[in-house]
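Derivation of every value follows stated rules applied to the coordinates shown; laboratory data play no part. This is a predicted model, so every value here is computed, not measured. Positions of Cβ are backbone-derived with ideal geometry, glycine not excepted, and every protein chain shown enters the neighbour counts.
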Amino acid sequence: MKMNRILWTFLAVIVAFSVAEAFLDRKAQQLVNGICKKTTDTKYCSEVLVKNLVTPTPSNKDLMNVTLREAERFSANANFFIGTLLRNAGDERPDLQMCAAAYTIVNIALRNAVSYFDEASYSKIPKLEDKVAKAVGICKTDFNVPGYKINPMIERNRVMLILTNMAKIVSHMISS
Ligand SMILES: *[C@@H]1O[C@H](CO)[C@@H](O)[C@H](O)[C@H]1NC(C)=O
């Protein structure tokens, strides 16, 4: 009985994965591969796009929509996360405050980018993406966070830069 359940779970996972793989049409999959190969984490990039696109034949605008909204969501979560770290912070407080400042800039810029997207003011978006990439650099990660072996902002900065890079690549596709 128990074995059966494990087997079914296993099968369900396989089916879920093949559906995700087969969701985009061939041309869209090539488009996604082309974008993601230009990033530092092809796998993460395509997972984000495949998971969030709602049509098998996405336009460049659909790709931009998903990328900007994911970036905005991620930065809001990172900002909230830093807030939770600050609540019990000791010596690392000033460093965390720099990260909080950084991610506040990042989150505002991305919220504005999403608004510009919604108004179809695409030409205003690349400037904000540059602002985001710069602001992430304000969050230095050479400090210890109690309870973490590795500073958790290292991974957040890494992902934030991938999402920003994706948004930049897609912006180029829209403006050209
Ligand atoms: C962008 O994505 C959001 C959330 O998925 C959706 O509600 C909205 O209609 C999309 N906008 C465009 C222009 O595709």
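What are the lysines whose alpha-carbon lies under 28 Å from the alpha-carbon of LYS140, with same-chain residues fewer than 8 places away excluded?
Cross-link targets: LYS37, LYS38, LYS43, LYS124, LYS127, LYS131, LYS149, LYS168.
Restricting to DSSP loop positions (anything but H, G, I, E, B) with no more than 10 other Cβ atoms inside 10 Å of their own Cβ, which GluC sites (Glu not before Pro) remain in segment 71-176? List each step's numbers first, then the result.
Working: sites: GLU72, GLU92, GLU119, GLU129, GLU155; in loops: GLU92, GLU119.
Qualifying residues, ordered by number: GLU119.
What do the square roots of 5 times the Cα gyration tensor eigenvalues come to for segment 124-176, in whole Å, largest first, as semi-axes of the equivalent ellipsoid? List each step's numbers first, then the result.
Numbers: eigenvalues 166, 22, 5 Å².
Ellipsoid semi-axes (Å, largest first): 29, 11, 5.
Do any trypsin sites (Lys or Arg not before Pro) in segment 118-170 lie in a loop, going by DSSP, with at most 14 other beta-carbon atoms within 10 Å of their beta carbon, and if so which? Could the numbers behind the result be given before it?
Working: sites: LYS124, LYS127, LYS131, LYS134, LYS140, LYS149, ARG156, ARG158, LYS168; in loops: LYS140, LYS149.
In loop regions of segment 118-170 (DSSP not H, G, I, E or B), the sparsely surrounded trypsin sites (Lys or Arg not before Pro) are LYS140, LYS149.
How big is the dipole moment of segment 75-176 about its Cα centre under a simple scheme where the beta carbon of each Lys and Arg is +1, that of each Asp and Glu is -1, and everything else is neutral? Debye, nearest 20, please.
For this selection, approximately 40 debye.
How large is the Rg to Rh ratio of segment 36-174 when both quantities use alpha carbon positions and Rh follows Kirkwood? Please list the in-between numbers first.
Working: Rg = 15.5 Å, Rh = 15.5 Å.
That ratio is 1.00, to two decimals.
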